[in-house]
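Written out below as structure tokens is the structure these notes cover.
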Amino acid sequence: MAVTRVKPKLIGENNQYCSGCGHGILNRLVAEVLEELGRADDAILVTAVGCACMMNELWQGDNMQAAHGRAPASATAIKRLRPENIVFTYQGDGDLSSIGIAEILHATARNEKFTTIFANNGVFGMTGGQMAPTTLVGQKTTTTHFGRDPQFTGMPVKIVELLATLKPAYLARGSVDSIKNINTTKKYIRNAFEAQIDSEGFSLVEVLLPCPTNWHLTPEQALERVGSTVEAYYPLGEVVKRGE
Amino acid sequence: MKGNEVVGEAAARAGCNMFCGYPITPSSETLEYVSARFPELGRQFVQAESELAAINMVFGAAAAGFRVMTASSGPGFDLKQEGISYIASCDLPCVIVDVCRYGSGLGAISPGQNDYLQATKGGGHGDYKVLVYAPNSVQEIADLMVLANDKADEYRMPVLILSDGALGQMMEPVTLPEFGPDDQVKNKPWALRGRGPDGERNQITTALYVDPDFANKLRKKYAEIEAKETRAESYLTDDAEVVLVSYGISSRIAKEAVNRAREKGIKLGLFRPISLWPFPKKELGEATANAKAVLSVEMSSLGQMVEDVALHLKGRLPIYLELSDMNVPQVANILKKVDGILNGSEQEVY
């Protein structure tokens, strides 16, 4: 009998993501890596507030729902008390780069030994597509009706480059707009968790995701925009490699 | 020992596994003390980047099943309220110490009793309660720290110690509790530890997401606490015509006022709530059974506990207020007000 769908056991039956949303791909990549590393059973997930919190239902491992932006603080305590466990946060760009920028910055500065998966789709998704610090210049959102104007809102925040000054164990930026980039992103995620397993310090992978709903594009158009426009501003690659 | 240092030492002896905090006067001595003492005992200590981070570290530690605490004051205590609401909503235990300082906004760093309402009525959003204990000596700080840790685990809820700048800064002799076990985490099957080979996951989230009967259970839990967990001290109240109601550092001056009044033949008594939530309403009723008036003595500019006193006396007695603003109350001022109550020249507030 033909196998039509194989999915990691860490991923449950249903998700609540919109059609063409990038979170589903990223959730799956994280689950695959943890299962391949044999760490599904001891992994503790700290979820953010926003579309990322829909992972609470989907994820089949232990998890806690943190306060908006504060997942790195909660994960700090869990990892220090349970150093033998895999501990990771899963945060969107509204959560991590706006209200929670202090927490991610200081967790990086302390080089806490957990991992952050940073889903960047350039908007506050769940609240209806408002501008995030990561929104591109000129991008129309529900709070930048005529396009983001850097005169009033500044330039989009590049989190990975910002954190690189603090010399954590591992920092990379991937994307999910092509098979090739999905496979590369999975390697980055694996590197990040291996850095944690080897107690090297803090690791973070930023992943560029499409948000067709709030970008007002079809799923195909949204993926195309990630590859053509978003990646032009947010370059892909390993910004801090392990052992550097 | 200094009150703020006893907070840290007693917590360690009560089996607290982690302290996360941020410097703020007049509570910083606790942070400084535990920064050395907790690592010495193999416990975790993090100086957080902010009060927000500190309380959310507490949230994480509690979710992982460990005994954890923080301490703060004034504007720092404000910033913790969202986190306290989260922790309460997830039925998680933790201990928080508010070393209350006087004033709103930046306020002052001198002692105050103006966080009563914030502490007892829920400073954060939503429907929740925290157990609140108000020590009036360094010894009682030590005793209540142990009780607070135990009650937090028993009821799976945040417990607050409402101290103040005077209690925190003053030094008194203290008999410290014996070291208790520091592995209560083993008694918490609900804690995050990884789902394990059986694949049974634990999830820490707002209880209303996972329990359809959440609201009924909440009401039942709080009703049980109101019935079982009140604590109070009554001093010479049996025949008292006027009963002072006072907690924390103010209650010590109030007690002295009672002694002076008795020397002059004035029938004055003192009722001291030790648990502020649940408020000891039954005990207040008993202590004021024969009284003609009640005087709430508070170190604030508007009076806060007086609202609970009025609520629970239900109009049975006239209630007066003695406010000492940013200084501890004065015996002479209390006695003057008592004279005024007895000769009818004082205006009641309720």
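Take residue B:314 and tell me if it is surrounded by fewer than 23 Cβ atoms within 10 Å (Cβ to Cβ) and touching a residue at least 40 places away in the same chain (Cβ under 8 Å).
Judged against the criteria, residue B:314 is not a match.
Filter region B:1-38 for residues that are among the charged types (D, E, K, R) and either at pLDDT below 95 or buried (at least 24 other Cβ atoms within 10 Å of the Cβ) (or both) and give the result.
none
Between A:105, A:96, which is at pLDDT 95 or above, crowded, with 24+ Cβ neighbours inside 10 Å, among the aliphatic types (A, V, I, L, M) and within 17 Å of the chain's Cα centre (by Cα)?
Selected residue: A:96, the only one of A:105, A:96 that is at pLDDT 95 or above, crowded, with 24+ Cβ neighbours inside 10 Å, among the aliphatic types (A, V, I, L, M) and within 17 Å of the chain's Cα centre (by Cα).
Return the total of residues in region B:192-238 being buried (at least 16 other Cβ atoms within 10 Å of the Cβ) and acidic (Asp, Glu).
3
Residue B:70 is checked against (1) hydroxyl-bearing (Ser, Thr, Tyr); (2) more than 14 Å from chain A (Cβ to nearest Cβ); (3) out of contact with any Ser or Thr (no Cβ under 6 Å at 6 or more places or on another chain) and fails just one. What number does that condition carry?
Of (1) hydroxyl-bearing (Ser, Thr, Tyr); (2) more than 14 Å from chain A (Cβ to nearest Cβ); (3) out of contact with any Ser or Thr (no Cβ under 6 Å at 6 or more places or on another chain), only one is false for residue B:70: (2).
Within region B:134-164, can you find the residues that are under 12 Å from residue B:93 (Cβ atoms) and either assigned to a helix (DSSP H, G or I) or more than 11 Å from the chain's Cα centre (by Cα) (or both)?
Within region B:134-164, B:148, B:149, B:150, B:151, B:152, B:153, B:154, B:155, B:156, B:157 meet the criteria.
Output the residue which, of all residues in region A:41-76 that are within 7 Å of chain B (Cβ to nearest Cβ) and polar (S, T, N, Q), is surrounded by the most Cβ atoms within 10 Å (Cβ to Cβ).
Looking at the filtered set, the residue picked out is A:74.
Taking the criterion of being within 14 Å of chain B (Cβ to nearest Cβ) and of a type in the set (A, V, I, L, M), would at least one residue in region A:128-148 satisfy it?
Scanning region A:128-148, I find no residue that is within 14 Å of chain B (Cβ to nearest Cβ) and of a type in the set (A, V, I, L, M), so the answer is no.
Being touching a Phe, Trp or Tyr at 6+ places or on another chain (Cβ under 9 Å) and under 10 Å from residue A:48 (Cβ atoms) is the filter here, so list the residues in region A:96-115 that pass it.
Passing the criteria: only A:96.
The values are calculated or read from the model by the stated rules, or taken from the named source; none is laboratory data. Keep in mind that what you see is a predicted model, and the values were worked out from it rather than measured. Heads up, the Cβs are rebuilt from the backbone with ideal geometry, glycines too, and the neighbour counts pull from every protein chain shown.
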